Amino acid sequence: MQWQELAEQALGGKLISREDASAVLSVPEEELLDLVSACYRVRRHYHGKRVKLNMLINAKSGLCPEDCGYCSQSVLAQSGVDRYPLQSKETLLEGARQAMAVKAHTYCIVISGRRPSSRELEHVASAVREIRATYPLRICCCMGLLNEDEARILQEAGAERINHNLNTSEEHYGEICTTHTYKDRVDTLGAVKKAGMSPCSGGILGMGETDDQIIDLALSLRALDVDSIPLNFLIPIAGTPLGGVETLTPQKCLAILCLFRLVNPSKEIRIAGGREYHLRSLQPLGLYVADSIFIGDYLTTRGEVPAADLQMLEDAGFVAATAPREPTRKLQPDYAPGLAPAFSGSAEVAAVAETIVGGNQ
Ligand code: SF4
């Protein structure tokens, strides 16, 4: 396979064939670096050597009535996960302060549940207003199912992005969740767009899906024209229905990242949950394909120490893209590539290590 030809096709705006997409997912081990190198051309064209850092807060944990098979926050899971109601505004602001300290571009406020109550929506909107007035952070909210009016409340408060993952292909969806549908998720993304917000949607890989279903997911996200694609690799948490499922290798994870880059060449491709668990020592190679990562902890699992991630970026010559320094209430979407200034340097990495309290220690 001529991997550089696939890169040229992607750069020329041509969608790769299904056959080529299959070849990407079953790349021979001895050709994997050639594939990564081809994808790096595409990544560099659209995103240079910038890496967007996203920090999340689990603002409401557990007690969810839905039955997503991968999720430890479902009431059906016997996972012992923390359970707490929506955090106070002070806690959400403190999370924003910590996001600033690790040079995050985007602060992601995530709540468990099928959909937010109007009280929860107003509470998060109020916190978003205050964060936007205080810190130069972009804000993404992940609130479950939303209609257009609900999305607009967050948009008017200053949130610019809503995350709602498709998680897997339409064909596979019924295997991982029965309490809501794939269409429910697509409808929420439609509402987000109608409200004038930036849609963020990705998947969880390693849930027993076939390669064809992975390709379907990549193509669906392209068709939906989402701006940002977080790719999680399943951490099989004991006590969840997918607790024993281990199908991924570090090489397969890299091949999956390559597929999503080639199918969605200009989009923000984020290595999300499971990065440390599945990519392991190949994590730096992932940066040559993806242009975005989470920094700090995930919703219910620990992430890498932030200073170590910043050191990884610096060692590989990447720079963290940061949101504009001045806080503003005026919406200025800067998710387009190339607009954000960057920082790098060991002194800042060391400063981050000193600034963070709690979390990963
Ligand atoms: S809706 Fe969200 S919080 Fe609830 S079980 Fe599914 S993934 Fe977990």
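Nothing in this text is a laboratory measurement; each read-out follows from the coordinates by a stated rule. Being a predicted model, the structure only gives us computed values, none of them experimental. When we count neighbours, we look across all protein chains shown, and the Cβ atoms used for this are built from the backbone with ideal geometry, even at glycine.
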(message) Greater than 19 Å separation of Cα atoms is the criterion. Which listed pairs, 103/252; 14/267; 183/252; 103/267; 52/252; 14/183, meet it?
(response) 103/252; 183/252; 103/267; 52/252; 14/183
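What does the charge add up to near residue 170, with Lys and Arg as +1, Asp and Glu as -1, over the other residues with Cβ less than 15 Å from its Cβ?
On the way: positive: 183, 185, 222; negative: 171, 175, 184, 187, 209, 212, 216.
Around residue 170, the charge tally is -4.
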(message) Run through segment 279-326 and list the trypsin sites (Lys or Arg not before Pro) located in a DSSP loop whose Cβ has at most 16 other Cβ atoms within 10 Å.
(response) 302, 325
(request) Select from 220, 155, 145 the residue farthest towards the positive end of the dipole of the chain; place +1 on Cβ of Lys and Arg, -1 on Cβ of Asp and Glu, and compute about the Cα centre. (result) 155
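Mind putting a number on the dipole of segment 3-355 about its Cα centre? Charges go on the C-beta only, +1 for Lys and Arg and -1 for Asp and Glu, and I need it in Debye to the nearest 20. It would help to have the intermediate numbers written out before the result.
Working: 36 positive and 45 negative charges, 231 e Å.
That gives segment 3-355 a dipole magnitude of about 1100 debye.
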(message) Let me check I've understood the local charge: for residue 85, count other residues with C-beta under 14 angstrom from its C-beta, Lys and Arg +1, Asp and Glu -1. What total comes out?
(response) +2
(request) Per DSSP H run of n ≥ 4, the term is -39500 (n - 2.57); total these for the chain, divide by its residue number, and report the mean residue ellipticity at 222 nm rounded to 500 deg cm²/dmol. (result) -12000 deg cm²/dmol
(request) Work through the residues other than residue 298 whose Cβ is under 10 Å from its Cβ and net out their charges, Lys, Arg +1 and Asp, Glu -1. (result) 0
